[in-house]
Amino acid sequence: MAPSKPLAAVAGAPLIEHVIRLAAAGGATEFIVVTGYEAEGVEAFLEKLQGRLRLKVTCVRNLDWARPNGVSVLRAAEALGDDPFILLMSDHLFDPDILRRLVAALRSDAALTLGADYRVDRPDLDLDDATKIKLGAEARIVGIGKALDDYDAVDTGIFVAGPDLLAALLLSIESGGSGSLSEGVAKLADAGAAFTFDIGDGWWVDVDDEPAFRRAERELPARLAGLEQGSA
C-alpha cells in the first residue's frame, strides 16, 4: 500500500508520475505541485522524477492539507504569479489530446475554462462523487457542485485558469466559504467568466475507488504506449 495517494502505483508507476507525463505530452512545460499529507515522501519522489524526465517540478507545501482543495490552489499563488496556468488533479488520468484541444480553444473572455464530459449517462461514471456542471449559453458554467440535481456535464479535473480564480477563491473564503475549488469556480460563473470545454469522446478517469483503479489498470497502458510511439 502506498503511503499517500499520489504515490499509489497504477500500471507500474505512481499516479503523480502519470499525471505529469500526460500533462507534458499535452503541452505543459513546468510543474508546481502542492503537497500536504506525507509531503516529504511525495517531494522526495518528485525531486528524482524531475531529473529523470528533465522537467522542472517545484513543490509548495500546504500545511492546511485537510481543508478543501481550493486552499491548496491558493497556496501556489506566489509561485504561479500573474500568468495563466493549467490546473490538474493528482489522481485524474487523461488523454493528453484533451489538454491540447482545450488550450487551443480558449476564449479571450474566459477567466477559467474547465474540461467537461457531457456524456453524463456513461455507466462508468460515479455520479455520487462526480462534480456536476449546469450549462448556460455559449457553454458557460451557471452551476457547479457535487449535489446538483439538474446538470449537463461532469468536471474532469482539467482546468485552464489565472489570477481571477485565485482572487475568487480568496473572496469565497473571506465571505465564509469552505475554500473548495468549486466555490471559486462558482464565483467566476456568477460573473459570466467561467466556461466549459466539451472533451467529446476523450479518455479520462478519476482514480477514486476500486472500479476506477481497475479501469485505469486496463486502459492506461495503451495510452502510455501511444505516448512512447509518438516520441520515438
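The values are calculated or read from the model by the stated rules, or taken from the named source; none is laboratory data. Every value quoted in this text rests on a predicted model; they were computed, and no experiment measured them. Backbone-built Cβ (ideal geometry, glycine too); neighbour counts: all protein chains shown. Surface accessibility is based on the protein's heavy atoms, side chains included, excluding ligands, DNA and RNA. Shrake-Rupley method; radii C 1.70, N 1.55, O 1.52, S 1.80 Å.
Put simply, of ASP124, ASP128 the only residue that is over 28 Å from ALA13 (Cβ atoms) and exposed (fewer than 13 other Cβ atoms within 10 Å of the Cβ) is ASP128. Out of all the residues in the stretch 32-42, is one or more surrounded by 17 or more Cβ atoms within 10 Å (Cβ to Cβ), under 21 Å from ILE98 (Cα atoms) and in contact (Cβ under 8 Å) with a residue 60 or more places away in the chain? Checking the stretch 32-42: not a single residue is surrounded by 17 or more Cβ atoms within 10 Å (Cβ to Cβ), under 21 Å from ILE98 (Cα atoms) and in contact (Cβ under 8 Å) with a residue 60 or more places away in the chain.
For the stretch 213-227, the set of residues classified as at pLDDT 95 or above and among the small types (Gly, Ala, Ser) consists of ALA216 only. Taken as a whole, the structure leaves ASP164 outside the set of residues that are at pLDDT 95 or above, open to solvent by 20 Å² or more (accessible area, probe 1.4 Å) and in a loop (DSSP other than H, G, I, E, B).
To keep it simple, each residue is scored yes or no on (1) farther than 24 Å from ALA76 by Cα; (2) part of a strand (DSSP E or B); (3) touching a Lys or Arg at 6+ places or on another chain (Cβ under 9 Å).
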residue	(1), (2), (3)
GLU138	yes, no, yes
VAL154	yes, yes, yes
GLU183	no, no, no
LEU188	no, no, no
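Select from the stretch 1-29 the residues that are at pLDDT 95 or above and under 24 Å from ASP64 (Cα atoms) and list them in ascending order. Selection gives LYS5, PRO6, LEU7, ALA8, PRO14, LEU15, ILE16, GLU17, VAL19, ILE20.
Yes/no per residue for (1) open to solvent by 40 Å² or more (accessible area, probe 1.4 Å); (2) touching a Phe, Trp or Tyr at 6+ places or on another chain (Cβ under 9 Å):
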| position | (1), (2) |
| --- | --- |
| ILE16 | no, yes |
| VAL19 | no, yes |
| GLY27 | yes, no |
| GLU47 | yes, no |
| LYS56 | yes, yes |
| ASN62 | no, no |
| ARG67 | yes, no |
| VAL71 | no, yes |
| LEU80 | no, no |
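Within the stretch 174-200, the set of residues being open to solvent by 50 Å² or more (accessible area, probe 1.4 Å) and either touching a residue at least 60 places away in the same chain (Cβ under 8 Å) or under 20 Å from PRO14 (Cβ atoms) (or both) comprises SER178, GLU183, ALA191, ASP198. Scanning the stretch 131-143 for residues that are open to solvent by 40 Å² or more (accessible area, probe 1.4 Å) and touching a helix residue (DSSP H, G or I) at 6+ places or on another chain (Cβ under 8 Å) gives ARG140, VAL142.
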